[in-house]
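Here the structure is laid out as structure tokens; the discussion comes afterwards.
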Amino acid sequence: MSTPQIEIQLIAAVVAVACAIPGVFLVLRKMALISDAISHSILPGIVLGFFLTHDLNSPWLILLAAVTGVITVVLVEFIQKTGLVKEDTAIGLVFPALFSIGVLMISRNASDVHMDVDAVLLGELAFAPFDRLLVSGMDLGPKSLWVMGIILLITLGLLWAFFKELKVSTFDAGLSAALGFSPVVLHYGLMSVSSITVVGAFDAVGAILVVALMIAPAATAYLLTHDLKKMLWLSVIFGISAAIGGYWLAHLLDASIAGSITAVLGFIFLLVYWFAPNKGIIAVLYRKRQQRIEVSLLTFLLHLNNHQEESERHINHLNEHINWQKVRSEAVVKLALENNMITVEDQLVSLTDKGKEFTDLALEYILTNKDEHIEHLKKDFFLFRG
Amino acid sequence: MSLGEYFELLFTDYTLGVITLGTAILGAVTGMLGSFAVLRKQSLLGDAISHAALPGIALAFLFTGAKDSNVLLIGALISGLLGAFWIRGMVKNTHLKADTALGLVLSLFFGLGMLLLTYIQKLPNANQAGLDKYLFGQAATLVASDVWIMVAITAVSLFILLLFWKEFKLLLFDADYTKTLGFNTRFIDTLITFFIVIAIVIGLQTVGVVLMSAMLLAPAAAARQWTNKLSVMIGLAAFFGAFSGVFGTAISATQSNLSTGPVIVLVAAFFVLISFVFSPGRGLLFREIRFQKNRRELELKKTLQFMYSIAKTHEDISHPHAVKILNNFQGFTRKTLQQMVDKKWVTLDGTMWSMTALGYEEAENLYSQT
Amino acid sequence: MEKIAVSVDDLTVAYNYKPVLWDIDLAIPEGVLMAIVGPNGAGKSTLIKAILGIIDPIAGSIGIYGKPYEDQRQKVAYVPQKGSVDWDFPTTALDVVMMGTYGSLGWIKRPGKAQKKAALEALEKVGMLPFKNRQISQLSGGQQQRIFLARALVQNAAIYFMDEPFQGVDATTEKAIVNILKELRKTGKTVIVVHHDLQTVPEYFDWVTFLNVKKIATGPVSTIFNDDNLTKTYGINYKVSLQQ
């Protein structure tokens, strides 16, 4: 591996981590699309900043562009408040307009702005190592590594300092306000950090792929855990893996690094989406199938419990009166017999003592929603794990 | 070329005519179908679908090697639909929320698309020149056959729209109720989604993946402000869309270095801005004016009430009183007094005022209301 | 013997992972004005939605005058919760009421003069005729509820299902709606209402179903609306002096 190769991977990894952290909060706060809006609407800010500073890595440019991002959020919220259009329409109106302005600014001044419209969407990670930070003639490494490194450090510092507040306000805005953490301050704080991160990452990965770096690791982690700390760690791990893996994929295909990183992110997400132990599609579908049988079983037991008369307890009644959908009655009867919950004599079904006890407990749980009634049942039945 | 020259050329220059007709039809059909997206609160679905179409275009090129835009658009259609249904599946089967699902499909599909595009560009036999245009759109690449396809699709969707007008309206307003009346809501729903995806796909060549969603939303959001009737809203949205298309193309054709897509979007955004501020029913300006007027009316009525409280202490309600006793009353000015005279609530005689029977009655009504 | 308008047999419904209705049996006689009461999350709306086929039950069957709902749609009208729709939708009061005729029209056919006349009559009945061309967002909560009621009246059904028709309406509207409900009952219609306010049950209704995931009790208000059933339904020791 050559030095530029190592540096590119390092930059990619730092960008991925810096994006993943605010991304977790955006996903949890149901604001994932705000990242999309910001990443587009900062473009005019970046172009304007470039006119003034002529340096894509200048801190002034980053601040100016980040302000555009926060303005977007304010504008979207203003339009939402007027009630003239629905919330999501407000987002959908603001960012294409600002992005269009940015694109036109670039194409009108193509000779002055050394930016390519393609680069706006893709970034130029491959060239990042060639823009060096020189302090009095000494080479301190790639500039963008410094920029993203500093942004990452600030993000980590803020995360460490306000972890408790962020956690409370993310899960319970009302409680957070009652505890004296202003939701407004935290909201705009998060928006500002997101904006700065997006601007910093923009140079490396472009407008749309920064959205992938923010949302995908967090969404993937969210399918695996509900614990905020674990979610943050997992997102960081997914982000770094995608950054490194994506680099080598791009190397192999001789294609865009940012595109490859996103493809790897997508691949990781897809894996988790299908195979995650509890929330993955396969697990969910399996559980739904089990639940259908179990709910049917319980309905059946409850029915026996409710009706003493023989006509209601006849085994044929299962098919003709209780209208089982999608679940075969044999499967239900078999399950009940296996668990010694019923006995069948002369085609008449009766509840055993165990079946009766089980039914009572389950019913109590359903009515009161209190878990302690069914603690010992949980391991046998999916139904109560929801 | 100035705008005037452009519109003169429009009728003589074949290419220019084709392009302008194309963007006009595109604007009309996206405005029309975009109204559904806006009313269904699925504004950002269009954004996700248009981005999701990109890998479809790239894959269609990789497999067929075709430069023909129609073949590529079928690829776009397939991957766009795939994205749309995956979003639905994700929301239904996991606890990920709609915004996350939209953002994921948008960025992951697009990333894959970019990976494929850059891969294609480096292929030795790549006559790739055509694929870049799908990012920001290039109206200039429209040819007559593209426009014919747009016309055909517009005609079909207009026909379907009119045919199922009643069902569409019902579903948009009240989905559960629609079900109880015996309509197959899933069928209607799929039909709407399908046509939204088609509208997006035919717009990709002109406006591009990135800005396509604005073509769906902006005309509809603008149209909504001017009317409270669904049919008028859809008609207006089509008109705004068509106008944005024509005007955007005109501006971009007459200036150098202005891509069509962003200009069309900005023209549409301008319509939205105007509509938000100046629409008579809902616009912010008139809302503010109405608010001020109500406040003045309220002050006038307060003054009248105060005068009533004075007047009713006398047997003769029209007993004259000095104007200066009103001076202490908040909100009273010479102007409001004159307005009350105009309304014939009071008469003014020098420095004395007296209440009329009309004013007395009005004030009594105010009291009985509270 | 009196006719059974709605019969529910062994109905079980689960939302996602959580069971919400268990083994419900109900036989609602024709011509009653029935309240469904129960605490939040008791499955009141779910019961109505399951009967109307909006939600698929896991088990159980529904009969409308002894036949499946699919064959009897014309006999049933529905007033959803007011909050379930977007009131900023670009349409007028008359237009919404006209929607009540769409079911009998079927696919594609357009409403004509007869449908408009029916809609206007229904608007008249709920006292909303002067507002027929009003945009629905410009109506008050009570007026919106009246529009919904008029839409159901247009369906000219035998059985009316209403989901919290008194929620967020003014006192005048509440009285007006009650009068219409009582009138419906007088003409032999069956009315089933998800209701929140226990105090008004004896005044408005003659039949009541207590529901809390399971069916607690069902029958005439005069015999079963008592502290015992209220306590069973609402869990805590429920003491209200309801005898007036």
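The values are calculated or read from the model by the stated rules, or taken from the named source; none is laboratory data. What you see is a predicted model; the values in this text were computed from it and never measured. In this analysis, Cβ positions are derived from the backbone assuming ideal geometry, glycine residues included, and neighbour counts consider all displayed protein chains.
I'd like to verify a number: residues in region C:8-43 that are touching a Ser or Thr at 6+ places or on another chain (Cβ under 9 Å) and either in a helix (DSSP H, G or I) or within 12 Å of another protein chain (Cβ to nearest Cβ) (or both), how many? Working first, answer last.
If we filter region C:8-43 for residues that are touching a Ser or Thr at 6+ places or on another chain (Cβ under 9 Å), which is where we start, we get C:8-13, C:15, C:19-39, C:42.
Remaining after also requiring either in a helix (DSSP H, G or I) or within 12 Å of another protein chain (Cβ to nearest Cβ) (or both): C:8-13, C:15, C:19-25, C:38-39, C:42.
Adding up the residues that qualify gives 17.
What's the total number of residues in region C:121-140 that are away from chain B (no Cβ under 11 Å) and in contact with a helix residue (DSSP H, G or I) (Cβ under 7 Å, 6 or more places away or on another chain)?
Total meeting the criteria: 10.
Yes or no, residue by residue, for (1) surrounded by fewer than 24 Cβ atoms within 10 Å (Cβ to Cβ); (2) within 19 Å of B:Gly103 (Cα to Cα); (3) more than 14 Å from chain B (Cβ to nearest Cβ):
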position	(1), (2), (3)
A:Tyr188	yes, no, yes
A:Ser195	no, yes, yes
A:Ile215	no, yes, no
A:Ala221	no, yes, no
A:Lys229	yes, no, yes
A:Ile237	yes, no, yes
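Looking only at region B:177-196, decide whether some residue is in contact with a strand residue (DSSP E or B) (Cβ under 6 Å, 6 or more places away or on another chain) and polar (S, T, N, Q).
Scanning region B:177-196 turns up at least one residue that is in contact with a strand residue (DSSP E or B) (Cβ under 6 Å, 6 or more places away or on another chain) and polar (S, T, N, Q).
Look at region A:75-98 and say how many of its residues are more than 7 Å from chain B (Cβ to nearest Cβ) and in contact (Cβ under 8 Å) with a residue 24 or more places away in the chain. Before you say what the answer is, go through the steps one by one.
The first filter runs over region A:75-98 and keeps only residues more than 7 Å from chain B (Cβ to nearest Cβ), leaving A:75-81, A:83, A:87, A:90, A:94-95, A:98.
Then keep just the ones that are in contact (Cβ under 8 Å) with a residue 24 or more places away in the chain; that gives A:76, A:94-95, A:98.
Looking only at that region, the number is 4.
Restricting to region A:271-313, and then to whatever is within 26 Å of A:Ala219 (Cα to Cα) and at the interface with chain C (Cβ under 9 Å from one of its Cβ atoms), can you tell me which residue is surrounded by the most Cβ atoms within 10 Å (Cβ to Cβ)?
Per the criteria, the residue is A:Gln291.
Given the structure, is B:Thr249 within 14 Å of chain A (Cβ to nearest Cβ) and either within 30 Å of B:Ser2 (Cβ to Cβ) or under 15 Å from the mean Cα position of the chain (by Cα) (or both)? Spell out how you get there, then give the answer.
Values: within 14 Å of chain A (Cβ to nearest Cβ): no; either within 30 Å of B:Ser2 (Cβ to Cβ) or under 15 Å from the mean Cα position of the chain (by Cα) (or both): yes.
No.
Going by what's in this entry, would C:Lys215 be described as more than 23 Å from B:Ala175 (Cα to Cα) and free of Cβ contacts under 8 Å to residues at least 12 places away in the same chain?
For C:Lys215, the condition - more than 23 Å from B:Ala175 (Cα to Cα) and free of Cβ contacts under 8 Å to residues at least 12 places away in the same chain - is not met.
Looking at (1) within 7 Å of another protein chain (Cβ to nearest Cβ); (2) crowded, with 23+ Cβ neighbours inside 10 Å, which is the only condition B:Asp174 fails?
(2)
Any chance region A:276-284 includes a residue that's part of a helix (DSSP H, G or I), modelled with pLDDT under 70 and closer than 30 Å to B:Arg88 by Cβ?
Among the residues of region A:276-284, not one is part of a helix (DSSP H, G or I), modelled with pLDDT under 70 and closer than 30 Å to B:Arg88 by Cβ, which makes the answer no.
Would you confirm, using the coordinates I've provided, whether A:Leu98 is of a type outside the set (Asp, Glu), more than 29 Å from the chain's Cα centre (by Cα) and under 30 Å from B:Gln42 (Cβ atoms)?
In short, no.
Looking at B:Ala84, B:Ala144, B:Ala140, B:Ala155, can you tell me which residue is under 21 Å from A:Gly266 (Cβ atoms) and out of contact with any Asp or Glu (no Cβ under 6 Å at 6 or more places or on another chain)?
One residue alone meets the criteria, B:Ala84.
Keeping to region B:252-274, report how many residues are assigned to a helix (DSSP H, G or I) and either more than 12 Å from chain A (Cβ to nearest Cβ) or among the small types (Gly, Ala, Ser) (or both).
So in region B:252-274, the residues assigned to a helix (DSSP H, G or I) come out as B:252-254, B:260-274.
Next cut, either more than 12 Å from chain A (Cβ to nearest Cβ) or among the small types (Gly, Ala, Ser) (or both) only: B:252-254, B:261, B:268-269, B:274.
The qualifying residues number 7.
Can you find a residue in region A:140-153 that is more than 19 Å from A:Val199 (Cβ to Cβ) and among the polar types (S, T, N, Q)?
No; the residues of region A:140-153 include none that is more than 19 Å from A:Val199 (Cβ to Cβ) and among the polar types (S, T, N, Q).
Only residues in region A:212-227 that are over 18 Å from B:Val105 (Cβ atoms) and touching a residue at least 12 places away in the same chain (Cβ under 8 Å) count as the first member; pair them with residues that are assigned to a loop (DSSP other than H, G, I, E, B) and hydrophobic (A, V, I, L, M, F, W, C), Cβ under 9 angstrom, at least 6 apart or cross-chain, and list the lot.
Pairs found: A:Leu224/A:Ala276.
From the set of residues in region A:247-263 that are part of a helix (DSSP H, G or I) and polar (S, T, N, Q), which is farthest from the other protein chains (Cβ to nearest Cβ)?
Step one: of region A:247-263, the residues part of a helix (DSSP H, G or I) are A:247-253, A:257-263.
Restricting the remaining residues to those that are polar (S, T, N, Q) gives A:260, A:262.
Numbers: A:Ser260: 5, A:Thr262: 2 Å.
Among those residues, the one meeting the criterion is A:Ser260.
Go over the candidates C:Ser84, C:Ser61 one by one and state the one that is at the interface with another protein chain (Cβ under 9 Å from one of its Cβ atoms), surrounded by fewer than 18 Cβ atoms within 10 Å (Cβ to Cβ) and under 16 Å from the mean Cα position of the chain (by Cα). Walk me through it before giving the result.
Values: C:Ser61 fails: under 16 Å from the mean Cα position of the chain (by Cα).
Step by step, each of C:Ser84, C:Ser61 is checked, and only C:Ser84 is at the interface with another protein chain (Cβ under 9 Å from one of its Cβ atoms), surrounded by fewer than 18 Cβ atoms within 10 Å (Cβ to Cβ) and under 16 Å from the mean Cα position of the chain (by Cα).
Which residues, taken from region C:197-244, are assigned to a loop (DSSP other than H, G, I, E, B), out of contact with any strand residue (DSSP E or B) (no Cβ under 8 Å at 6 or more places or on another chain) and either at pLDDT 90 or above or not hydroxyl-bearing (Ser, Thr, Tyr) (or both)? Break it down stepwise before answering.
Applying the first criterion (assigned to a loop (DSSP other than H, G, I, E, B)) to region C:197-244 yields C:197, C:205-206, C:213, C:225-226, C:235-244.
Within this subset, residues satisfying the condition of being out of contact with any strand residue (DSSP E or B) (no Cβ under 8 Å at 6 or more places or on another chain) are C:197, C:226, C:236-244.
Of everything in region C:197-244, those that are assigned to a loop (DSSP other than H, G, I, E, B), out of contact with any strand residue (DSSP E or B) (no Cβ under 8 Å at 6 or more places or on another chain) and either at pLDDT 90 or above or not hydroxyl-bearing (Ser, Thr, Tyr) (or both) turn out to be C:Asp197, C:Asn226, C:Ile236, C:Asn237, C:Lys239, C:Val240, C:Leu242, C:Gln243, C:Gln244.
Taking into account only those residues within region B:54-70 that are among the hydrophobic types (A, V, I, L, M, F, W, C) and over 26 Å from the mean Cα position of the chain (by Cα), which is farthest from the other protein chains (Cβ to nearest Cβ)?
B:Ala66
A:Lys81 versus (1) at pLDDT below 85; (2) surrounded by fewer than 19 Cβ atoms within 10 Å (Cβ to Cβ): which is the lone unmet condition?
Status for A:Lys81: all satisfied but (1).
Identify, from the list B:Arg287, B:Arg295, B:Arg282, the residue that is within 12 Å of another protein chain (Cβ to nearest Cβ) and either assigned to a helix (DSSP H, G or I) or within 30 Å of B:Ala155 (Cβ to Cβ) (or both). Break it down stepwise before answering.
Numbers: B:Arg295 fails: within 12 Å of another protein chain (Cβ to nearest Cβ); B:Arg282 fails: either assigned to a helix (DSSP H, G or I) or within 30 Å of B:Ala155 (Cβ to Cβ) (or both).
Only one candidate qualifies: B:Arg287.
Would you check if there is a residue in region C:169-188 being surrounded by fewer than 22 Cβ atoms within 10 Å (Cβ to Cβ), modelled with pLDDT under 85, of a type in the set (Lys, Arg) and under 29 Å from B:Thr178 (Cα atoms)?
No, region C:169-188 has no match at all.
Looking only at region A:317-333, which residues are away from every other protein chain (no Cβ under 12 Å) and modelled with pLDDT of 70 or more?
Those that are away from every other protein chain (no Cβ under 12 Å) and modelled with pLDDT of 70 or more: A:Glu330, A:Ala331, A:Val333.
Residues B:Leu77, B:Leu73, B:Leu104: which one is over 30 Å from B:Leu16 (Cβ atoms), out of contact with any Asp or Glu (no Cβ under 8 Å at 6 or more places or on another chain) and either assigned to a helix (DSSP H, G or I) or within 13 Å of another protein chain (Cβ to nearest Cβ) (or both)?
B:Leu104
Please work out which one of (1) among the polar types (S, T, N, Q); (2) under 30 Å from A:Gly123 (Cβ atoms); (3) modelled with pLDDT of 90 or more is the condition B:Ser157 fails and give its number.
Single failed check for B:Ser157: (2).
If we only count helices (runs of 4 or more DSSP H) wholly inside region A:2-59, which ones have 3 or more residues that are more than 14 Å from chain B (Cβ to nearest Cβ) and crowded, with 24+ Cβ neighbours inside 10 Å?
Numbers: elements: A:3-28, A:32-41, A:43-53.
Passing ranges, in order: A:3-28, A:43-53.
Conditions tested, residue by residue: (1) within 30 Å of C:Gly38 (Cα to Cα); (2) among the β-branched types (Val, Ile, Thr).
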{"residue": "C:Lys82", "(1), (2)": "yes, no"}
{"residue": "C:Asp86", "(1), (2)": "yes, no"}
{"residue": "C:Leu94", "(1), (2)": "no, no"}
{"residue": "C:Thr101", "(1), (2)": "no, yes"}
{"residue": "C:Lys117", "(1), (2)": "no, no"}
{"residue": "C:Leu129", "(1), (2)": "no, no"}
{"residue": "C:Gly142", "(1), (2)": "yes, no"}
{"residue": "C:Gln167", "(1), (2)": "yes, no"}
